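Please read the structure below before turning to the comments.
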Amino acid sequence: MISANSSRVPEILVSLRWRVHWYLVIPNPQTHACPGYNLHMKIRIKESDWELVNKLIYHPINSIFHIEVSQQLGECHFMGPGGPRNLCESHLLSHPRSCSLSTVVILACMPRRLDSNALVCDCDLMWLGELMQGYARNGQTQAAATCEYPRSLQGRSIASLTVEEFNCESPRITFEPQDVEVTSGNTVYFTCRAEGNPKPKIIWIHNNHLLDLEDDTRLNLFDDGTLMIRNTRESDQGEYQCMARNSAGEVKTQNAMLRYSNPPAKPSFIIQPQDTEVLIGTNTTLECMATGHPHPHVTWTRGSGEALDESRHLATSGGLYLQNVTLQDHGQFTCHANNNQGSVQATANIIVQAPPQFTIIPKDQVVLEGHTVEFLCEAEGNPPPIIAWTKAGGQLPQEGLHTVLSSGTLRIDHAAHHDQGQYECQAVSPLGVKKASVQLTVKPKALPVFTQLPQDASVEVGKNINIPCHVQGEPQPIITWNKAGVQITESGKFHVSGEGMLTIYDAGQADQGRYECVARNSFGLVTANMFLTVVAIQGRQAGDDFVESSILDALQRVDSAINSTRRHLFSQKPRTPSDLLARFRYPHDPFTVETARAGEIFEHTLLLIQEHVKQRLTVDLEGREFRYNDLVSPHYLSLIANLSGCTAHRQVPNCSDMCFHQKYRAQDGTCNNLQHPMWGASLTAFERILKPAYENGFNLPRGVGLHALSGGYSLPPPRLVSTEMAATATVTPDHQYTHMLMQWGQFLDHDLDHTVPALSTSRFSDGQSCSSVCTNDPPCFPIIIPDTDPRGIRAPCMFFVRSSPVCGSGMTSLVMNSVYAREQINQLTAYIDASNVYGSSERESQILRDYSEPRGLLRTGLLWVPSGKPLLPFSAGPPTECTRSEQGSRSPCFLAGDHRANEQLALTAMHTLWFREHNRVATELSALNPHWDGDTLYHEARKIVGAQLQHITYSHWLPKILGEPGMKMLQNYQGYNPNVNAGIINSFATAAFRFGHTLINPILYRLNDTFGEIPEGHLPLHKAFFSPSRIIEEGGIDPLLRGLFGVAAKLRVPSQLLSLELTEKLFSTAHSVALDLAAINIQRGRDHGIPPYTDFRVFCNLTSVENFEDLQNEIKDSEIRQKLKKLYGTPGNIDFWPALMAEDLIPGTRVGPTLMCLFVTQFQRLRDGDRFWYENPGVFTPAQLTQLKQASLARVLCDNGDNIQQVQADVFVKAQYPQDYLSCSEIPRVDLRVWQDCCEEKNIELSLETATPRNLSGLSLLEGKVLSN
């Protein structure tokens, strides 16, 4: 027996065999609370027999634990009768390898004597008999264990029993399971019966795996061993085997098959994908399994509709495996199960957890004292990181000048010396911290101070001169030079060194005058002046001998080329896009033609003289290719001007009729400014805010000459810039503004400027067409198509001819004694005066007016039958036919105040709208004032229409373009300033105002009265060019107008500039190369000598640019900056137009910083320099002005559309139909009754004839009013 007071727990050493069953006897936990029991038995399994206990069964009858051993086992504890406790850290079956080197089974509450238990000595207790016999033989311990049952063995010691007396019997099968067939959802039974002693336990095996009866509620095992499977499914099919097991052994049946058949069934999910959190860079699987018949096909999609990344997203039989997860994987994934019975889908979210990563890393900065500095710092991650800043390892100063913006940017206002030091940006999230350090250096401010002032100087004609100007300051000042208020730019004429020295090449009389050296830094600017005198050298010049022959040759060449061009353009149907464009833009006015012809002859004469001189090498070119001022003496220069026609075609305006000019505008814009009557007039040179940048300082476009440009890089072909930067097949709609925003811009542009094109599309030298040759031979200036461009297969270049030059500088002086840089001619009046409705010359206005009766009306065309309102009249002069190339049909062109009215249908519709508005106003004025003659009605209506255009532009359109920042820069109207020249700036017309091209949709929408598509459909833009007959044949102007104010504009995105309709299909015809609007814009800028982008930045007080990274404030997209670098090599080469378009939009505007600068400059001049500006006191009465401020484009649409009944209040703003639309009756109108003459003398005379004493009392007052008027 084991002593109860033993201080040492006795050990029983046992040896285990494979699948040996051991039984330990303990008190029945149902009847014993273990009082007084304090003895523990410890059993240690020999190390050679370690095996894992894989089953622990408590037998309440004998109070015995049954421990089945089958694998290696370390130390585990069995604490008492309640079952296993603390077995290998409480996970006996799940974590067997966590046990130590020996197995110890501790049985709590062991009794002092085993024979106190009523033992049933059957087969289940044979192990105890063998155990007792073994210990008895070894003499290790003695224990009493006496059988109580069965009766035949009662009273006998368990150690004395033989094996046979335990009556053990191995299991034997008495009934084996049979094969079955089952359909989906039914119940099936497998029967298995066995006998043995003790009674065998039935265990079922499916496809060689034990069935888990606890986890699958569909399975049930009856007491007789029958297995029931309910709601069968496809996974249940296969082999089933019954195993009978007792302590004497085990036996298995033969396999029985369950055959599964499934009727057609739509898919259903067995496993649906679950939301999953995953760390960036790791892998994960979204599980998804489905059943159905036929077996469904499982596919995956992104919840956003994006395609899967097949390189990382791998669909498997069990789900979707995502490799190397990125932030782009964050979001929904949808599992689709499909068969011919139907489909189901289930969605789960991948929640990507990403440590912080910087997207914008702050950079060291040097700022001047008192300035604001911003350190940009942005980071991404999931969860989104928080941006925190420290200074020198500590908190930021608390005085309120340091602010961390919501974007993560650190702003330091009014930087002082004590703010200098190291700052650290920290991106903090639960997944980590990312840090970036920057250094702030604060420099004391210092205004520019001249160290060498420019001095008055003189230079001989044809010579070069250097004019020094040196300055110092902090930051280092930038030096620019001005002449007559115009900034000088780098060209073949001028050069400004880094130190500020101005060099003037080939000095001429035009270079004489006052020069201003301007030194500016962020703290201010200082200026210094000098006067340059150009001294003419008496005697003959090298080119004088060639003047006569050269001018005769030039006359013959230019006239021959012009006549050839006119025959080609107007005697046959246009065959190419270039023919189409040249035909419609060819000037009609004889005076315009003669002015442009004179300029071409003058310039070509000088070119011929230079060629003669070069051949004889009688002039020193000093290594430069071109010199003109010492080419011909002043006398012969004036002779060339006379013989070419330049002198004869200088306009001398007559402003003597002050009764007219005080009240009305001249048709050609002259006499608006009475001190400078040619300012803003038609057929005058464009204005400059920067001196032109020609390769030779005279007329040669940048990049054409032999000299290397800045940095040694040549200019890229405009076509290459277009394909790399401008062309886009992607269109982002502007959710704020309508397409009318673009159309008003084009309509307004056609009121302001139209460059006179070359009169010849053939080379002056030999008469060959510019469309068939690819040489820069005047006037040809072809756009070269790169070898890699698919367009190059058809032709090596694209048609382009230069704009016509104006004689000299366009000045009115009759003496021409110097060579001036080439300037271009504006055919139109500069003012916003509705010249696109009325024309820009007296001749044009007379053609447009209806003189059949004195009602002041414009000529009308066909009546649009549904509305009874007239269309524009047809053109009587060339070109008379507009061709729709895809049909080969011919139709007449419409006639309007601008010759470009037929270019595209929406523009034609706008012209129709406004010519009707004139006639509507004139008709109403006539009814109010029947005594007015036709001229008065015409001019009063014209004055009102022009005022409406001004009001709509400045009150409704410009605020959308410039936003609040730009309107503040524009400032409120302060009155007419006669010192402001309202002329159109060349760079504005040639580059800035062409920003509207980026707003053009590739589709011209045509909408019916419920804003649905008309039966004829919408039009691709290239089918709307030069096809006015579509208005007559396809619904009139209303569908086009609704398509403008009912559809969103295209948003200018720096990476989405011009639609392919404009870069690949412009004016396309069947068998020729279409034009490219972006390439044309760039080439036209070079043709006009527009300086590079960086020069305009200086004019606009933007930061100086040394490298492409200096552009990051205005062009944040690094990919665009990289494209500019690849194309241009150096910032100093960048063409103006593409850079303007690539600038990021200022928030709340539709322009970038440089474009804003030019818009404000030009629109200030147009307003402040216009004596007839509608708000200028005296132009209209206060009552009339009040009514004019009611004007809106919405009202004009309602009054002059064919049947427009509903519009939004502001047709530039995108609105939802019908809830945001108003009835036309709700749109305010201009009340023209305030233009009624109430007090004419003849009315007074009539009233006197019938006057009574009572109504004569107020007559003296009435007379006074008449006299005062």
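Data table
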read-out: Accessible surface of E1016 - all protein chains present, 1.4 Å probe, nearest 10 Å²; value: 90
read-out: Potential lengthening between Q1205 and E499 on full extension [0.36 nm per residue; Cα-Cα distance subtracted]; value: 247.6 nm
read-out: Mean shadow area of the stretch 419-509 over all directions, Cα convex hull, nm²; value: 10.3
read-out: The stretch 238-390: translational diffusion in µm²/s, Stokes-Einstein, Kirkwood Rh over Cα pairs, 10 °C, 1.306 mPa s; value: 79
read-out: Ordering of 900-911, 280-291 by packing [mean C-beta count within 10 Å, highest first]; value: 900-911, 280-291
read-out: For the stretch 844-853, Karplus couplings with θ = phi - 60° (6.51, -1.76, 1.60), whole Hz, Gly/Pro x; value: 5, 5, 5, 5, 7, 7, 9, 9, 5, 8
read-out: Phi to ³J(HN,Hα) by Karplus 6.51 cos²θ - 1.76 cosθ + 1.60 over the stretch 733-744, Hz, x for Gly, Pro; value: x, 8, 6, 9, 10, 8, 5, 5, 4, 5, 5, 5
read-out: Rg/Rg_ref, the stretch 361-443, where Rg_ref = 2.2 N^0.38 Å and atoms are Cα; value: 1.07
read-out: Global geometry of the stretch 1105-1191, whether rounded, prolate or oblate, following the gyration tensor of its Cα atoms and the 1.5 cut on a/c; value: prolate
read-out: Residues with amide H under 5 Å from that of S762, placed H, sequence gap 5 or more; value: C770
read-out: Estimated vicinal HN-Hα couplings, Hz - the stretch 225-240 in sequence order (Karplus 6.51, -1.76, 1.60; Gly, Pro = x); value: x, 6, 9, 10, 10, 9, 6, 4, 9, 4, 5, 7, 5, x, 8, 10
read-out: Cβ-based net charge around R822, under 14 Å, with every Lys or Arg adding one and every Asp or Glu removing one; value: +2
read-out: Charge-dipole axis of the stretch 169-259 as Lys and Arg at +1 and Asp and Glu at -1 on Cβ define it, positive-most pick from G196, Q254, M228; value: G196
read-out: By average C-beta atoms within 10 angstrom, highest first, the peptides 1116-1129, 1214-1227, 1023-1036; value: 1023-1036, 1116-1129, 1214-1227
read-out: Calculated FRET value between L453 and V1234, using beta carbons and R₀ = 60 Å, to 0.05; value: 0.50
read-out: Average accessible surface area per residue within the stretch 339-412, 1.4 Å rolling probe, Å²; value: 52
read-out: Neighbourhood net charge (11 Å Cβ-Cβ; Lys/Arg +1, Asp/Glu -1) for G1085; value: +2
read-out: Three-way shape call for the stretch 169-259 based on the alpha-carbon gyration tensor, with the a/c threshold at 1.5; value: prolate
read-out: N1176/F591 FRET efficiency (R0 35 Å; Cβ-Cβ; nearest 0.05); value: 0.75
read-out: Amide H contacts of G839 (H built 1.01 Å from N, under 5 Å, at least 5 apart or other chain); value: G897
read-out: Long-range amide H partners of M798 with built H, under 5 Å; value: I783, I784, I785
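The values are calculated or read from the model by the stated rules, or taken from the named source; none is laboratory data. Please read all numbers here as calculations on a predicted model, not as lab measurements. FYI the Cβ positions are ideal-geometry reconstructions off the backbone, even for glycines, and counts take in every protein chain you see. Just the protein is used for accessible areas: all its heavy atoms, side chains included, with ligands, DNA and RNA removed. Shrake-Rupley method; radii C 1.70, N 1.55, O 1.52, S 1.80 Å.
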